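Here is the structure we will look at.
The values are calculated or read from the model by the stated rules, or taken from the named source; none is laboratory data. Here the structure is a predicted model, which is why all the values come from computation and not from measurement. All Cβ positions, glycine included, derive from the backbone under ideal geometry; neighbour counts span all protein chains shown. Protein only, heavy atoms only, side chains kept; ligands, DNA and RNA dropped before computing areas. Shrake-Rupley method; radii C 1.70, N 1.55, O 1.52, S 1.80 Å.
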Amino acid sequence: MSEEQKPRRLTELSHCAGCAAKLPAADLSRVLGKLKPTKDSKALVGFNTHDDAAVYRMAPGLALVSTVDFFPPVVDDPYDFGAIAAANALSDIYAMGGKPLFALNLVGFPEDRPLEELSRILAGGQAKADEAGIPILGGHSIKDPEPKYGLAVTGSVHPKKVLTNAGARPGDVLLLTKPLGTGIATTAIKRGLASAELTQRVVAQMSTLNRKPGEVFASGKFKVNALTDVTGFGLLGHLLEMMTGAKTRGFLDLERIPILAEVPALAQQGVVPGGTKSNLAHVGKKVRFPKGLPEDIQWVLADAQTNGGLLASVPARDAAKAFRALERAGVDVALIGEVGEGRPGIEVVG
């Protein structure tokens, strides 16, 4: 088969592999700022707080959690792509302290690609829904020259137990449940620069549901003042949203932040997705880095993640309880910093 006859890899059809084709945070904030705020008394969480999902109260003891997420391929294997996209969409429900109930497929697919690829994408998504214990009940599809897949997910939560990203308090510690670097790693995969070990590790991480840490943080066994997941805006972007919502200041310990092996070296080589660079530019004025910190390390901290870990703000007195509960659930966790007083923003130390 000639080079012209070979079908293009899935990631070659994506205009933004590795950054999930997310609109830059600055552009999104500018657009959303022009919309009228929601006045419905049953709307407990809307877009104005930059939270992970919407929450709508249905009854005194019941609220629905609703989210939607889809993107073009970040890996070439159709099944892995479907699993990653589904896990990423489900994460928003867990990040609100909720429990998924059901989902709908969202599909964009090229006319000239084999339908077997689409079947494998949907099979990967179904596998993650099965793992989450929910059905996929339908969905919507369109013709699209760039493949896209994701889910609209509906979940439930008690109205008084919603975990938002805006409740952090001075004296809290910051916990993170997955290492950084998936955006840089998937960019390396697309360029043929990632090792087999890194490829295997990053696919496994992006496919891993945030169900276990989500259930632990929602368990009530210890206090959680704020919770979010680290996705397209990177650690710095999502932490900045958390600090802005709480009018607090975040302090990150650079040496404690977990990072996927090989990622720092790749960043040093300039293997960085456009979304990551946009993230760093967006937060730049509100993040203070140590003097002389190389830009490649700053990129890692701002790296656009796909189905990244949960980021929690927990009172320091409850940190030991949180660690024990997460470890019993088989969840890796790192204490990466703390919350203090001061102008909303972030200081990176170490």
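By the rule of a C-alpha distance below 12 Å, with chain neighbours fewer than 8 residues away ignored, the aspartates and glutamates paired with Lys128 are Asp80.
In the chain, helices alone account for a calculated mean residue ellipticity at 222 nm of -10000 deg cm²/dmol, with every DSSP H run of four or more residues adding -39,500 (n - 2.57). Local charge sum around Thr38 (other residues, Cβ-Cβ under 15 Å, Lys/Arg +1, Asp/Glu -1)? Residues close to Thr38 contribute a combined charge of +3. Note on the chain: dipole from Cβ charges, positive end direction compared against Pro273, Ala319, Pro114; the farthest Cα belongs to Ala319. Of all DSSP-defined beta bridges confined to the chain, some 75% are antiparallel rather than parallel.
Here is the list for the range 293-350: GluC sites (Glu not before Pro) lying in DSSP coil, each with at most 14 other C-beta atoms within 10 angstrom of its C-beta, are Glu341.
Rounded, prolate or oblate for the range 174-239? Axes are the square roots of the Cα gyration tensor eigenvalues, ordered a ≥ b ≥ c, and the cut-off for rounded is a/c under 1.5. The shape class here is prolate.
By accessible area of protein heavy atoms, probe 1.4 Å, what ranking do Asp332, Asp229, Asp69 get, highest first?
The ordering from most to least exposed comes out as Asp332, Asp69, Asp229.
Here the translational diffusion coefficient of the range 69-108 follows from Stokes-Einstein with Rh set to the Kirkwood radius across Cα pairs; for 4 °C and 1.567 mPa s it amounts to 118 µm²/s.
The loop-placed trypsin sites (Lys or Arg not before Pro) in the range 247-350, going by DSSP, that have at most 11 neighbouring Cβ atoms within 10 Å of their Cβ come out as Lys291.
In the range 259-350, one over the average inverse separation of all distinct C-alpha pairs is 15.3 Å, which is the Kirkwood hydrodynamic radius.
Each pair of Cα atoms in the range 69-175 enters the Kirkwood radius, and Stokes-Einstein at 37 °C and 0.692 mPa s then converts it into a translational diffusion coefficient of 221 µm²/s. Beyond a 32 Å Cα-Cα separation, which of these cross-linked pairs lie in this structure: Lys39/Lys161; Lys143/Lys190; Lys39/Lys277; Lys99/Lys247? Table pairs above 32 Å Cα-Cα are Lys39/Lys277. With N counted as the residues of the range 136-183, its alpha-carbon radius of gyration over 2.2 N^0.38 Å works out to 1.88. Annotation for the range 109-202: GluC sites (Glu not before Pro) lying in DSSP loop with at most 14 further Cβ atoms inside 10 Å of their Cβ are Glu111.
The range 36-72 and the range 172-206 have Cα centres separated by 30 Å.
Under the rule a/c < 1.5 gives rounded, and otherwise a/b versus b/c splits prolate from oblate, where does the chain land using the Cα gyration tensor? Oblate shape, in that a/c is at least 1.5 and b/c is the bigger or equal ratio. Counting Lys and Arg as +1 and Asp and Glu as -1 over every other residue whose Cβ lies under 10 Å from the Cβ of Ile134, the net charge comes to 0.
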